[in-house]
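Reviewing the structure listed below.
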Amino acid sequence: MIYLDYAATTPMSENAIEAFIRTSRNYFENTESLHDGGLNAKELLEHARTTFAKVAGKDSNGIYFTGGGSDGNFLAITSLAFGSKRNGRHIITSNVEHPSVDYALKFLEGQGFEVTRVPVDSSGKISIERIKENLRPDTVLATIQHVNSETGNIQDLKCMSDFFKRNDILFHSDCVQSFSKVDKDYFNSINIDSFTVSAHKIHGPKGTGAVYISPAIHISPLLAGVTHERGFRPGTVDLPSIVSFVTAAEESINKQSSHYVQVAEMRKLFISLILNNREVILEGSLDGSPYILPFRVRGIEGQIVMQELSRRKIAVSTGSACKNGLQSPSKTLLALGRTDSEAHGLVRVSLSHLTTTEDIYTLCKALNEITNQFLSVREVALK
């Protein structure tokens, strides 16, 4: 099987697996227990927190380990909103956010908050001008993703964070598809109040992630009185997964430059090979993340293309894995002005440093076979 669905999940790295096993064997105690084993486990947890903070370029006092990206988005957004509600109940977001952000915002709307979903332009970007148009005196929070999980379009977080800071508005970003995949100096320079990371997107374990929230910000977690992660979330801390996650994060950050070059070359190769196939329509933008390659095949639903590729032992996706089972059209493509039919056609190829030249050649050959097959069927049907 050729795996080209890395935006959905990634295989754990060998170092991350070894870290998980070693921690499971030697530090199985509860980090809240007061005996020596528990205290040793707690010490390792705090070491992992400090290490991740250095990797992320942030204060360790603002790092909270979570159950993954969706869990982190919900916890961060609701905690920031409830912590700021005395100042206002208006939240700004985009109309192309990940489903987990949508769920959190719909929950907050049920709690009396108002949400404005600012539309993206034809390139998938949100302009500061459009954000300005939607500001209100009671706007207290903005949550805008960094890299779109369906198209790879990138928002200018640095420009946005500066704007929101000047206007005294808290800014959270879903960075699940960008962490360790953009230049770390750029990422660390962003003056952002909060962001979310997921372990299994960067070759760590599933069910683990992290949220950063500036220690200077007052937050109010949804559940009061919980003891783990300084009251941020309930449940016994999964120390082996956290250590494994931090190991993967260190590895990914340290190799970010070489991984990016490899992926960019694979994207360039895909585009050069597929340009001659006029039935394949590339989506996204040239300045988007090279890790995500969105396209449509003219007149064919994405689900069918995905199944045909699967028959050829090539694994791709039709969009966000958190919503694939619903078989709904791509929300992002609809926001970009595509029709329902076109949005149903989205196919997402996503790459990693493990992707090879042979993988890309095989994929493009398969796409040519699929389009020729359906062109033949179409011609017969028209006769």
Sort 293-303, 274-284 by the packing proxy (mean of other Cβ within 10 Å over each peptide's residues), most packed first. 293-303, 274-284
Most fluctuating residue given options Arg312, Arg49, Arg267, as computed from a GNM of the chain linking Cα atoms under 10 Å: Arg312
Near the amide H of Glu114, under 5 Å away, which other amide H atoms are found, from residues 5 or more places off or on another chain, if H is placed in the peptide plane? His90, Ile91
Checked the range 180-296 against the a/c 1.5 cut and the a/b vs b/c comparison, axes a ≥ b ≥ c from its Cα gyration tensor; verdict prolate
Calculate how many DSSP beta bridges within the range 51-203 are antiparallel, expressed in % of all such bridges and rounded to the nearest 5. 5 percent
Quick check: from the Cα gyration tensor, does the chain come out rounded (a/c under 1.5), prolate or oblate? oblate
Simple spin-label estimate for Ser24/Arg298, 7 Å along Cα→Cβ, in nm, reads 5.1 nm
Pulled fully out, how much extra length does the chain show between Lys268 and Asp156, if you take 0.36 nm times their separation in residues and subtract their Cα-Cα distance? 38.0 nm
Take each of the peptides 53-59, 161-167, 341-347, average the number of other beta-carbon atoms within 10 Å over its residues, and list them starting from the highest. 341-347, 53-59, 161-167
Set of lysines with alpha-carbon distance to Lys165 below 24 Å, sequence-local pairs under 8 removed: Lys54, Lys58, Lys85, Lys125, Lys132, Lys184
I'd like the FRET efficiency for Ser328 and Ser33, computed as 1/(1 + (r/R0)^6) with the beta carbon distance as r and R0 of 45 Å, rounded to 0.05. 0.50
Answer check: the range 127-177, Cα atoms, Kirkwood Rh, Rg/Rh ratio of 0.98
Would you please give the FRET efficiency between Asn95 and Lys255, computed as 1/(1 + (r/R0)^6) with r the Cβ-Cβ distance and R0 = 35 Å, to the nearest 0.05? 0.55
Asn372/Lys106 FRET efficiency (R0 45 Å; Cβ-Cβ; nearest 0.05): 0.55
Among Ile304, Thr247, His90, whose Cα projects farthest towards the positive end of the dipole of the chain, with charges put on the beta-carbon of Lys, Arg (+1) and Asp, Glu (-1)? Ile304
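No value in this document is a laboratory result; all are computed from the given coordinates. None of these values were measured; they are calculated from a predicted model. For neighbour counting, all protein chains shown are included, and Cβ atoms are generated from backbone atoms with ideal geometry for every residue, glycine included.
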